Amino acid sequence: MASTRAVLIDIDGVLTVSWRPLPGAVEALREIREVAGLPVALVTNTTSRTRASIARTLAEAGFEVTADDILTAPAATAAYVAEHFPGARCSLLNSGDIREDLVGVELVDDTDTETVPEVVIVGGAGPEFGYAALNRAFGHLQRGARLVAMHRNPYWRTDHGLQLDSGAFLVGLESAARTEAAITGKPSPAFFEAALTRLGVGAEEALMIGDDIESDVLAAQRTGMTGVLVRTGKYLPETHHAASGSPDHVLDSFADLPALLSRSTHR
């Protein structure tokens, strides 16, 4: 902690819930940047909005951030497809319009029955994840399309409680099509490495704070970062206790992070 030079922060469940700021989050982020002098990257598996849209929403809520501060799973997906499947025709199953962040990805319209997609991209779940859409994706996979998923999150927290996310459907697609998805967002090591590169620090100099113990915290720790779990958002005591490892630190909320950083510095 004493060698921390940058902070990676999950958004949903850490800074906000349903895009409403959690108590003390706005002030804590300002203190981390202005008082502690640490650069930050907001790293999120959110797939319903573009980076620009997220930045606008957070700014309206009081957070002093821009699109350049944000790394999303869709942006990471675009980079992954460009590297591994350049020029591939892709079918997108996602809730929300994220085309702006899928730079360079050739998307096939769902109404196009002539073109055979070479890649199926699965984003975040929502009303679009009905039988017809899932069965259409299954058909593409049976014909040899590769499966790329932005994350494996089985659920997320909203104002109405925990809601199913695409990870719950992804398991079914993988099982039925006898394939395994390439994951481009958290907990993919490449996703964290992209954020570290953007901040210009090594893993041992960075701290990752999240509400998902597996995808946020333990995944970051496996890359060499310090992991901090917060008891907000999707946090559940039973998930914490059943996890595959232990966080380096556990806080009640993101609002407690400046104090943790201050104690470490004074040591």
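The values are calculated or read from the model by the stated rules, or taken from the named source; none is laboratory data. Small disclaimer: the values here were computed from a predicted structure and weren't measured. Cβ sites come from the backbone with ideal geometry, for glycine too, and all protein chains shown count toward neighbours. Accessible surface areas use protein heavy atoms only, side chains included; no ligands, DNA or RNA. Shrake-Rupley method; radii C 1.70, N 1.55, O 1.52, S 1.80 Å.
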* Structure fact -> With all protein chains present, region 209-261 has a carbon and sulfur share of its accessible area (1.4 Å probe) in percent of 48
* Asked: Assigning unit charges at the beta carbon (Lys, Arg +1; Asp, Glu -1) and nothing else, what dipole magnitude in debye, to the nearest 20, does the chain show about its Cα centre?
  -> 320
* What GluC sites (Glu not before Pro) does region 1-84 have in DSSP loop regions with at most 15 other beta carbons within 10 Å? -> 64
* Asked: Using θ = phi - 60° and the Karplus form 6.51 cos²θ - 1.76 cosθ + 1.60, what ³J(HN,Hα) does each residue of region 88-94 get, whole Hz, x for Gly and Pro?
  -> 6, 7, 10, 9, 10, 10, 7
* Formal net charge of residues neighbouring residue 108 (Cβ-Cβ distance under 12 Å; K, R +1; D, E -1) -> -4
* Mind listing the long-range amide H neighbours of residue 206? Cut-off is under 5 Å, sequence gap 5 or more, other chains count too, H placed in the peptide plane at 1.01 Å from N. => 5, 226
* What 222 nm value per residue comes from the helices of the chain, counting each DSSP H run with n ≥ 4 as -39,500 (n - 2.57) and dividing by all residues, nearest 500 deg cm²/dmol? -> -9500 deg cm²/dmol
* Asked: When only Cα pairs under 8 Å and 6 or more residues apart are kept, what is the percent relative contact order across region 118-267?
  -> 16
* Measure nothing but the geometry: give the 0 to 90° angle between the long axis through the Cα atoms of 73-84 and the longest principal axis through the Cα atoms of the chain, rounded to 10°. => 60
* Using modelled backbone amide H atoms (1.01 Å from N, in-plane), which distant-in-sequence or interchain residues come within less than 5 Å of residue 230's amide H? -> 210, 211, 251
* What accessible area per residue comes out for the chain, rounded to a whole number of Å², with a 1.4 Å probe? -> 45
* Dipole of the chain, positive end: most advanced residue of 169, 188, 158 [Cβ charges, Cα centre] -> 188
* Helix 25-34 versus the longest principal axis of the chain: what is the Cα-based angle in degrees, 0 to 90, to the nearest 10? -> 70
* To do: Express the relative contact order of region 79-195 as a whole percentage, based on alpha carbon pairs under 8 Å and six or more residues apart in sequence.
  => 22
* Asked: Ignoring ligands and nucleic acids, what accessible area does residue 146 show with a 1.4 Å probe (Å², nearest 10)?
  -> 130
* Asked: Normalised by the number of residues in the chain, what is the relative contact order in percent for Cα pairs under 8 Å and 6+ residues apart?
  -> 22
* Specify which labelled value, from (i) 13.8; (ii) 13.0; (iii) 15.7, agrees with mean projected area of the Cα convex hull in nm² derived from the coordinates of the model shown. => (i)
